[in-house]
1. Which percentage, to the nearest 5, of the DSSP beta bridges contained in the chain is antiparallel?
2. For n ≥ 4 DSSP H runs only, could you compute -39500 (n - 2.57) per run for the chain, divide by its residues and tell me the 222 nm figure to the nearest 500?
3. With 25 Å as the cut-off, how large is the P(r) tail for the chain, expressed as percent of Cα-Cα pairs?
4. Semi-axes of the equivalent ellipsoid for the range 35-100, please: Cα gyration tensor eigenvalues, times 5, square-rooted, ordered largest first, whole Å.
5. Which of these, Gly143, Gly201, Gly153, has the largest mean-square fluctuation under a Gaussian network model of the chain (Cα springs below 10 Å)?
6. With the Cα gyration tensor of the range 209-249 giving a ≥ b ≥ c as the square roots of its eigenvalues, does the rule (a/c under 1.5 for rounded; else a/b larger than b/c for prolate; else oblate) give rounded, prolate or oblate?
7. Across the Cα atoms of the range 1-114, what radius of gyration and what greatest pairwise Cα-Cα distance (Dmax) are found, in Å?
8. Kindly flag which residue pairs out of Lys16/Lys167; Lys67/Lys156; Lys131/Lys216; Lys129/Lys156 have an alpha-carbon separation exceeding 26 Å in this structure.
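None of the figures in this text is laboratory data; all of them are computed from the coordinates on show. Computed from a predicted structure; not experimentally measured. Neighbour counts are summed over all protein chains in view; Cβ atoms, including those assigned to glycine, are modelled from backbone coordinates with ideal geometry.
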Amino acid sequence: MSELVIKNLHVSIEDKEILKGVDLTVKQGDIHAIMGPNGTGKSTLAYTLMGHPSYTVTSGEIWFKGKNLLELAADERSRLGLFLAFQYPVSIPGVTVANFLRSAVNSRRRVANHEDKGMPILEFRKMLKEKMELLKMDPAFAGRYLNDGFSGGEKKRAEILQMATLKPEIAILDETDSGLDIDALRIVSEGVNALSGPDMGVLVITHYQRLLNYIKPQFVHIMLGGRIVESGGPDLALQLEERGYDWVREKYEEPATA
Ligand code: ADP
Ligand code: MG
C-alpha cells in the first residue's frame, strides 16, 4: 500500500519561514482534508509537494512509497503515482484534451517499458469515453484545446479528467481562495467521490468551511500559522462550519502585542 509521509516539514519563501513543522501521513484509500484560514500555508504545502522551485525545504522529510520525494523532480513524482493538481493550469492551444491525456498516458508506459509503442488509439478512446461518462462530462470536451479559453470550472474538469486517466495512488488538490471556489469545489468533490476508493488516496486542501456538503473525508486537519494544530474526523469540519475559525485562532494564536 502506498503512503505519503510528511515529517516535521519546514518551508521558507525568500527567507521567510511559512511552514513550521508539518507532520502528516496520507495512505492510499484514505481521504484527508486540510482546512484553514487564508495565508496559513496550505498552498505552500501543496507547492512544496509538487516540487515548485520557489519553496525551500529548510528541514524535515517527505517520503512516498519509501522514496525520498525531495530528491525527485516533479515529473518523477508524478510517474511514481502522485497526482498534483495545478491551481493555475497553463493553456496549450493546438493540443486537444484527448491528445494531451494520450501523451501523458504513453509517456508513463514508456517509463515502465522502453519498448512500449503506446496505448492503441481505440483502446485509449474507449478508456477516455468510460472516464468521461463516469464524470458526467460532455464528450465534446475531449476535442477542445487544453485550457484554451476554459472557464475556472472547465479547468477543474480537465484536472479531474487527468486524474481519472492517470489513476494516481495519491492525489493532492489545492483549491483556489477566490469566489469561484464553491463551484470549483463541487466539481472537484464530484470527481473525488467518483474516483476515490481503495486504490486512491486524496488530500484536499481548502479554506472552504462547508466542505462536508460535498465530500466525505475520513480525516480533517486544521492548519494555522504553518502548522497542523488540530486533527480529527468529519466532526471537525462540522465544527468549522458552525463556529468558523475564530475559536482555533483564540486557542492557538498568541495574543497580539501592542
Ligand atoms: P494559504 O494557501 O493557506 O492561503 P499560502 O501558502 O498561499 O497560504 O501563503 C502562506 C504565507 O506565505 C502568506 O503569508 C503569504 O503571504 C506568503 N507567501 C505565499 N507565497 C509567497 C511568495 N511567492 N512570496 C512571498 N510570500 C509568499
Ligand atoms: Mg491557498
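1. Of the beta bridges lying entirely in the chain, close to 60 percent run antiparallel.
2. Mean residue ellipticity at 222 nm (helix-derived): -11000 deg cm²/dmol.
3. The answer is 45 percent, as a whole percent.
4. So the equivalent ellipsoid measures 24, 18, 10 Å along its semi-axes.
5. Maximum among the listed residues: Gly143.
6. It comes out oblate by the Cα gyration axes.
7. Answer for the range 1-114, Rg first and Dmax second: 15.7, 46 Å.
8. Over 26 Å Cα-Cα: Lys16/Lys167; Lys67/Lys156.
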